[in-house]
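Right, one structure below, let's go through it.
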Amino acid sequence: MELVAVSIPYSFIEGRVRLSWCEVGFGLDEKLLDPGAPACVAAAQIAASDNSASVLVELAGLEEAENDAIRSHVEILARAEPEEDIEEIRRKWLYLTLAWIFERRDELADPLQRVEEVYADFGYPERVACFVRYMPSDEPDLGSVMLNEQRLFDKWRQYLEEESSRYASS
């Protein structure tokens, strides 16, 4: 299953969450992560901890076009980490994908359609349903499409704030 391709750069991610190498691999596999991001993650880890493991140094020096080498290095690094729950990995990427789209909502013709695509691609997560346009709502109609959609954007923003606080400590 390939998710909605968004190619999120590391510069967007680094201020929001810390990615494990398993999560980096998932982002690459699903085409959610910019192909140059693993080198940035490696460089950040080297700078933050003086960790100069050869595989990190090599990865930090790889060019974006060296896909096979990047993937190989990411896999080596991921195997060295404790195993992670795939649902938690997917939840983090759901948050990052929706945050990326939300930040660019003014550049998109129909950002709520992108939410619908992400909602489907991630297996219809319940926590997102409340700001999916076609899902039934217990709330009253506000009298116009614009007002109803603004409520969806407000719920989307609230979701992002809640998820952001969830990952702020990690």
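The values are calculated or read from the model by the stated rules, or taken from the named source; none is laboratory data. Bear in mind that the values here come from a model prediction, so they are computed numbers and not experimental data. Backbone-built Cβ (ideal geometry, glycine too); neighbour counts: all protein chains shown.
Of note:
- Here R114 does not fit the description of being of a type outside the set (A, V, I, L, M), out of contact with any Gly (no Cβ under 7 Å at 6 or more places or on another chain) and not in a helix (DSSP H, G or I).
- Residues that are farther than 16 Å from R16 by Cα and of a type in the set (D, E), drawn from segment 65-101: E66, D68, E75, E81, E83, E84, D85, E87
- Taken together, the residues in segment 77-104 that are surrounded by 15 or more Cβ atoms within 10 Å (Cβ to Cβ) and of a type outside the set (S, T, N, Q) amount to 16.
- Scope segment 126-166; condition exposed (fewer than 15 other Cβ atoms within 10 Å of the Cβ) and touching a helix residue (DSSP H, G or I) at 6+ places or on another chain (Cβ under 6 Å); matching residues: M135, L142
- Checked across segment 73-96, the condition of being in contact with a helix residue (DSSP H, G or I) (Cβ under 8 Å, 6 or more places away or on another chain), hydroxyl-bearing (S, T, Y) and in the same structural domain as E149 (by TED's automatic domain parsing) holds for at least one residue.
- Flag if E30 is crowded, with 17+ Cβ neighbours inside 10 Å, outside the structural domain of E161 (by TED's automatic domain parsing) and closer than 30 Å to P136 by Cα: yes
- Long-range neighbours under 9 Å by Cβ, at least six apart or interchain, first residue within 12 Å of V6 (Cβ to Cβ) within segment 103-129, second surrounded by fewer than 12 Cβ atoms within 10 Å (Cβ to Cβ) and of a type in the set (D, E): D121/E2
- Residue in segment 88-102 that is out of contact with any strand residue (DSSP E or B) (no Cβ under 8 Å at 6 or more places or on another chain), of a type in the set (D, E) and either over 19 Å from L28 (Cβ atoms) or part of a loop (DSSP other than H, G, I, E, B) (or both) present: no
- Applying the criterion of at least 1 residues that are within 23 Å of D121 (Cβ to Cβ) to the helices (runs of 4 or more DSSP H) found wholly in segment 1-80 leaves 10-13, 21-29, 37-49, 67-79.
- Pairs where the first residue, in segment 134-159, is in a loop (DSSP other than H, G, I, E, B) and the second is surrounded by 10 or more Cβ atoms within 10 Å (Cβ to Cβ), C-beta under 6 Å, 6+ apart: M135/A129; L142/N148
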